[in-house]
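Colleague: Here it is, the structure in full.
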Amino acid sequence: MEHLDVSEALNVILDSVPPLGVEIVTLVHALGRVLAEPINANRDLPPFDVSAMDGFAVRSKDIAIVPMALEIIEDIRAGDIPDKTVQQGQCARIMTGAPIPPGADAVIRIEDTQELSTLSVVIGKGVKPGNDVRLQGESMKEGEVVLDAGTEITPGIVGVLATVKAKNLAVYCRPRVAILSTGNELEELHDSVDLSKVPDSNSYALMAQVQALGIEPVLLGIARDDPFELEHYLLRGLEYDVLLVSGGTSVGVHDYVRPTIERLGVQMKFWRVAIRPGHPLAFGMTDSTTVFGLPGNPVSSMVCFEEFVMPALRQMMGNSRLYRRTIIARLGHSIKFQSGRTEFIRVNLTLDASGYVANSTGSQSSGALISMAKADGLRVVPSNSISFEAGEQVTVQLLDGTAFQSDIGFKV
Ligand code: AMP
Ligand code: MG
């Protein structure tokens, strides 16, 4: 079985994970989903020429010479349908969004006018035809595609969908995800504290990482390091679209995940990736389940989720932006590396006059979960790196937020 670098492993994963099906959701539950079908405009927007300003609808040729007094023939508000025609020497008071009346071809902002009475106004400024008029169909034309399939539904997109009355939407399904922790030493959240045990944090950190993608995972619990117990739990996990197993994937004598998972017919594609933290990372598939074997160390488990599981889940959900957003920051301190693996260093970001500065959050031990929990991002160190000086430009992958990008954004 091969030992892959980070990009090779990602390629294997993304080439393998199947796209999920499509389901219908209402607009109220559409945020964060991805459109499976294009959306067409159901009408022109605006539906007719409308005013872009509060002011007066005029015939531009009437105000070639200013100041010019005009008769006000009516008031037009948004939602009104004007029926009077603006004749020579006339205008109509008009509100933003209201239809331009017949005869008028431009709008003068209220700031450029002076009202003499409710029936007469002096226009102080000449304008060209079309001034401050939003033309029919300017924002969208009936029948045209306004949103492509593959569009991620953000709050703004929800607004566009409401505009075109798209009440029910075809979106990609979200995978059903199961999470399993393994290890005799693990202590359930609800058990009382036993100092000889290790609290199971991976189940919950992974749960939260999955939830952050809008998926509600199922926690299968803790399987002891026993082939039969492990088999029982793994079989349950294989009923889901995605199974995340943490711990037990190394080559220790009590690491039974590997033999058990292979016995159950999971086609394993790799067991090792050149990444720190996170070396033992396994990936495989059955016909219906994608399986990730994550390292037991709490930080390694979270980092491997970030780098490999998240892009896979996003791809399954139809997203085209699979990767966390990266930024360039200056390094706050010098640092040396042993080359050979792509490293992900937990950093905090501060902002100074020249941009972001990245500083390590402290211990980079793969058990130091606090330093992961407090990190703003992961600084990516390519595997051939030897040393960096303070002030050097480095790439940082942001850990929080909902901004994703299509390119991975760093060299491995
Ligand atoms: P393993 O990969 O099973 O060899 O585990 C590596 C380290 O991670 C050991 O110190 C485990 O105690 C720890 N570990 C494994 N699973 C978990 C978990 N679910 N929560 C917290 N720590 C864990
Ligand atoms: Mg273990």
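Colleague: Could you say which residue among 133, 121 is at negative phi, in contact with a Cys (Cβ under 7 Å, 6 or more places away or on another chain) and in contact (Cβ under 8 Å) with a residue 60 or more places away in the chain?
Modeller: Selected residue: 121, the only one of 133, 121 that is at negative phi, in contact with a Cys (Cβ under 7 Å, 6 or more places away or on another chain) and in contact (Cβ under 8 Å) with a residue 60 or more places away in the chain.
Colleague: Among the numbered criteria (1) over 33 Å from the mean Cα position of the chain (by Cα); (2) within 30 Å of residue 142 (Cα to Cα), which single criterion is violated by residue 195?
Modeller: Answer for residue 195: the failing condition is (2).
Colleague: Within segment 218-244, work out how many residues are more than 10 Å from ligand 1 (Cβ to nearest atom) and open to solvent by less than 20 Å² (accessible area, probe 1.4 Å).
Modeller: Going through segment 218-244 one residue at a time, the tally reaches 9.
Colleague: Looking at (1) in contact with a strand residue (DSSP E or B) (Cβ under 8 Å, 6 or more places away or on another chain); (2) in contact (Cβ under 8 Å) with a residue 24 or more places away in the chain; (3) surrounded by fewer than 20 Cβ atoms within 10 Å (Cβ to Cβ), which is the only condition residue 318 fails?
Modeller: (3)
Colleague: Related question: For segment 18-44, which residues satisfy the criterion of being at pLDDT 95 or above and among the hydrophobic types (A, V, I, L, M, F, W, C)?
Modeller: Listed by number, the residues that qualify are 22, 24, 25, 27, 28, 30, 31, 34, 35, 36, 39, 41.
Colleague: Residue by residue through segment 348-379, note down the ones that are in a strand (DSSP E or B) and either under 19 Å from residue 278 (Cα atoms) or among the basic types (Lys, Arg) (or both).
Modeller: Listed by number, the residues that qualify are 360, 377, 378, 379.
Colleague: Looking at (1) within 11 Å of ligand 1 (Cβ to nearest atom); (2) open to solvent by 20 Å² or more (accessible area, probe 1.4 Å), find the lone condition where residue 248 falls short.
Modeller: Of (1) within 11 Å of ligand 1 (Cβ to nearest atom); (2) open to solvent by 20 Å² or more (accessible area, probe 1.4 Å), only one is false for residue 248: (2).
Colleague: Residues that are under 30 Å from residue 156 (Cα atoms): list the strands (runs of 3 or more DSSP E) wholly contained in segment 22-125 that include at least 2 such residues.
Modeller: Ranges flagged: 22-26, 106-109.
Colleague: Does residue 294 count as aliphatic (A, V, I, L, M) and modelled with pLDDT of 95 or more?
Modeller: yes
Colleague: I'm checking my understanding of the structure. Among residues of segment 165-190 that are open to solvent by 40 Å² or more (accessible area, probe 1.4 Å) and part of a strand (DSSP E or B), which one is farthest from ligand 1 (Cβ to nearest atom)?
Modeller: 168
Colleague: Among the listed residues 257, 193, 210, which satisfies the condition of being among the aliphatic types (A, V, I, L, M), within 13 Å of ligand 2 (Cβ to nearest atom) and either open to solvent by 70 Å² or more (accessible area, probe 1.4 Å) or touching a residue at least 60 places away in the same chain (Cβ under 8 Å) (or both)?
Modeller: Selected residue: 257, the only one of 257, 193, 210 that is among the aliphatic types (A, V, I, L, M), within 13 Å of ligand 2 (Cβ to nearest atom) and either open to solvent by 70 Å² or more (accessible area, probe 1.4 Å) or touching a residue at least 60 places away in the same chain (Cβ under 8 Å) (or both).
The values are calculated or read from the model by the stated rules, or taken from the named source; none is laboratory data. Bear in mind that the values here come from a model prediction, so they are computed numbers and not experimental data. Quick reminder, even Gly has a Cβ in these numbers, built from the backbone with ideal geometry, and neighbours come from all protein chains shown. We work out accessible area using only protein heavy atoms, side chains counted, and drop any ligands, DNA or RNA first. Shrake-Rupley method; radii C 1.70, N 1.55, O 1.52, S 1.80 Å.
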